[in-house]
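All remarks here apply to the structure that follows.
Just so it is clear, none of the values below were taken in a lab; they were calculated from the coordinates. Source: prediction; values computed, not measured. Reconstructed Cβ throughout: ideal geometry from the backbone, glycine too, with neighbour counts over all protein chains shown.
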């Protein structure tokens, strides 16, 4: 029995050693797993490829943080200074713009086993800069990936606002703005949009490797609502001049913008009102747009700044004199636009200031006034003249283009033409 117990002792101890070894092996595997996950996800990666297998290829990505440049990412990936210098020198031989690096730009690393064989800097899905390391040294080359252009129809109904309705359809904020800009002189999308109104858009959409990249040219728009039925058509004349026109060939552009803000809410209209701070009834000589502090405020027309300073209850204030005896005023600004000073010229659409709550104000908003011949008028009722129409000699061509757009707008939502491949985006 004692002899058997002596034989059993080593057996039990060896079993314990085996279990301990298994646990340690498991912990090691877990550690490797954590290493791999950390390598692929952290902004401060472990140097080198995730698994030191000389026969495998590994790809990993990182991106620039706010205020960071390429050197910072390369240092984070533990590249020696000599290699960093080589990358910089190689990129300098291309058209790579070191001053145009932005947060979110992607830097990809390619490893063959333990060896770093290449780096790719991706500005966007189209433009890449490939850096390669081999026996010949370090080289870099720009790559422009092909873009597929598809003409498509977008169609929807207003539910709440134009912005929310189009975003709900999966469209981009840029398309909402482009659509609103085309019809901005016909429809005030701040005050004249109603539930149930409808809209249609014919435009190009760009794809890279079958994935949506961004929206392209808008060719036709249609808005139908309680306020009316409006269409807009893109037309480029043989001389190269382009604009958006209505069905009659009249320009949709006018000499004065309907509003100095693209998307905001009218919080106080023109006319008599009870002043929220002075607590008495008085004439409100403009309209108030509620908008977040810092929202850009646009000049409604070309003109000359006659005041850009503090103006009592109006706070930071800008006044612009336009042609035809028209004057526009912008009050309660948080700050002024770049270069906006008394005596300076401004262009239609130029930022003259930013929404704020300076002066007598209960919250962030823009006080907007328009004067005609020295008398305050309702800004919502100013009707400016149109820009030049389609030339008579070009009307037959314009009508043909318009007819093709209208035919496409009758088609179902989605692509209306086959993808057309191009090496670079059209201008």
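Across segment 121-197, counting alpha-carbon atoms alone, Rg and Dmax equal 21.1, 67 Å.
Counting other Cβ atoms within 10 Å as a rough exposure proxy, the listed residues 332, 222 run 222, 332 from fewest neighbours to most.
The orientation-averaged projection of the convex hull spanning the C-alpha atoms of segment 98-235 amounts to 12.1 square nanometres. For the listed peptides 99-106, 295-302, a ranking on the average number of other beta carbons within 10 Å per residue, highest first, reads 295-302, 99-106.
Averaging Cα coordinates gives a centre for segment 93-115 and one for segment 150-192; these two points are 36 Å apart. Among 161, 328, the ranking by other beta carbons within 10 Å of each residue's beta carbon, starting with the fewest, stands as 161, 328. Normalising by residue count, segment 57-144 has a Cα convex hull of 96 Å³ per residue.
Taking the inverse of the mean 1/r over every pair of distinct Cα atoms in segment 265-381 gives a Kirkwood hydrodynamic radius of 14.1 Å.
Packing, taken as the mean count of other beta carbons within 10 Å per residue, orders the peptides 142-148, 338-344, 349-355 from highest to lowest as 349-355, 142-148, 338-344. From the alpha carbon centroid of segment 323-358 to that of segment 208-258 is 27 Å.
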